[in-house]
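Reviewing the structure listed below.
The values are calculated or read from the model by the stated rules, or taken from the named source; none is laboratory data. Note that the structure is predicted; figures quoted are calculated from it, not measured. We place every Cβ from the backbone using ideal geometry, glycine too, and count neighbours over all the protein chains shown.
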Amino acid sequence: MIGVVDYGAGNLGSVRNALDRAGLPSRPVATPEDLPGLSGLILPGVGSFGPAAAALDASGMTEGLRAWALSGRPLLGICLGLQLLFERSEEGEAGRPGLGLFAGRVVRLDGPRAVHIGWNRVRVVGPGPLAPPDEEPDWFYFVHGYVVRPDEEAIVAAVADYGCVFAAVVGRRNVWGVQFHPEKSGPAGLAVLRAWGASCSR
């Protein structure tokens, strides 16, 4: 059973619908008390970093997510959920920290428009829940105005280009994040969810 964190800043319904299509049963998670019995956890997210981080703090899920990740259990961040895996952001409330599971920060996208909306190719540069690097790059759907800037380049598994090259997938061991929306990315997105879901049953 996959848990999808419900903290008022995520597109919970569309993520759970995509998990259903990928053959991955799921249920919402609102507090740390909802975590027992889960094999994997997804942190979705739309909106602004500061209010989202505050909502996680208020529900107790900031520490719940940290404890989950540090225990070695699978965690996937989607869009804003990816950004919340990092230490801090230029967006939102000044000084509001993220989960700090990865070293680095979230910065404004330096592209031709302030917000990157639409389909874009994703190029694999390292191991992760995407196709091998020698295969044709897949198209995924993006909606974001900020990108992650990891301190460690080694955690970047895939990149995309929108006037600037940015990390589209980051991860290490049990913690992964994608900047695109797999739940809105058709068959390629479902393949990512299935590949990540396979790690939840190991």
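Give the residues of region 4-17 that are surrounded by fewer than 22 Cβ atoms within 10 Å (Cβ to Cβ) and either outside any loop (DSSP other than H, G, I, E, B) or at pLDDT 90 or above (or both), sorted by residue number.
Asp6, Leu12, Gly13, Ser14, Arg16, Asn17, listed by residue number.
Here is a list of conditions, (1) part of a loop (DSSP other than H, G, I, E, B); (2) more than 30 Å from Gly37 (Cβ to Cβ); (3) modelled with pLDDT of 95 or more, and Glu93 meets all of them except one; can you say which number that is?
(3)
Given the residues Asp57, Asp34, Asp20, which is the only one that is of a type in the set (Asp, Glu) and closer than 29 Å to Ala188 by Cβ?
Just one listed residue meets the conditions, Asp20.
Determine which member of the set Gly40, Gly60 is among the small types (Gly, Ala, Ser), touching a helix residue (DSSP H, G or I) at 6+ places or on another chain (Cβ under 9 Å) and surrounded by fewer than 17 Cβ atoms within 10 Å (Cβ to Cβ).
Gly60
In region 18-42, what count of residues is obtained for those that are in a helix (DSSP H, G or I) and touching a Pro at 6+ places or on another chain (Cβ under 9 Å)?
Result for region 18-42: 3.
Within region 63-83, identify whether any single residue is within 17 Å of the chain's Cα centre (by Cα), at pLDDT 95 or above and farther than 26 Å from Ala154 by Cβ, and answer yes or no.
yes
Quick check on region 129-140. Is at least one of its residues outside any strand (DSSP E or B), within 16 Å of Leu101 (Cα to Cα) and at pLDDT below 95?
No - not one qualifying residue is present in region 129-140.
So which residues in region 171-202 are among the hydrophobic types (A, V, I, L, M, F, W, C) and out of contact with any strand residue (DSSP E or B) (no Cβ under 6 Å at 6 or more places or on another chain), if there are any at all?
Listed by number, the residues that qualify are Leu190, Ala191, Val192, Leu193, Ala195, Ala198.
Can you tell which of Val170, Val122, Val159, Val106 is β-branched (Val, Ile, Thr), under 20 Å from Gly72 (Cα atoms) and either part of a strand (DSSP E or B) or free of Cβ contacts under 8 Å to residues at least 24 places away in the same chain (or both)?
Val170
Pick from region 173-202 the residues that are of a type in the set (A, V, I, L, M, F, W, C) and assigned to a loop (DSSP other than H, G, I, E, B): which of them is farthest from the chain's Cα centre (by Cα)?
Cys200
Residue by residue through region 157-187, note down the ones that are small (Gly, Ala, Ser) and surrounded by fewer than 20 Cβ atoms within 10 Å (Cβ to Cβ).
Residues satisfying the conditions are Gly163, Gly186.
Hey, among the residues in region 43-57 that are outside any loop (DSSP other than H, G, I, E, B) and hydrophobic (A, V, I, L, M, F, W, C), which one's surrounded by the fewest Cβ atoms within 10 Å (Cβ to Cβ)?
Ala54
Can you name the number of the only condition in (1) at pLDDT 95 or above; (2) on the phi > 0 side of the Ramachandran plot that Tyr146 fails?
(2)
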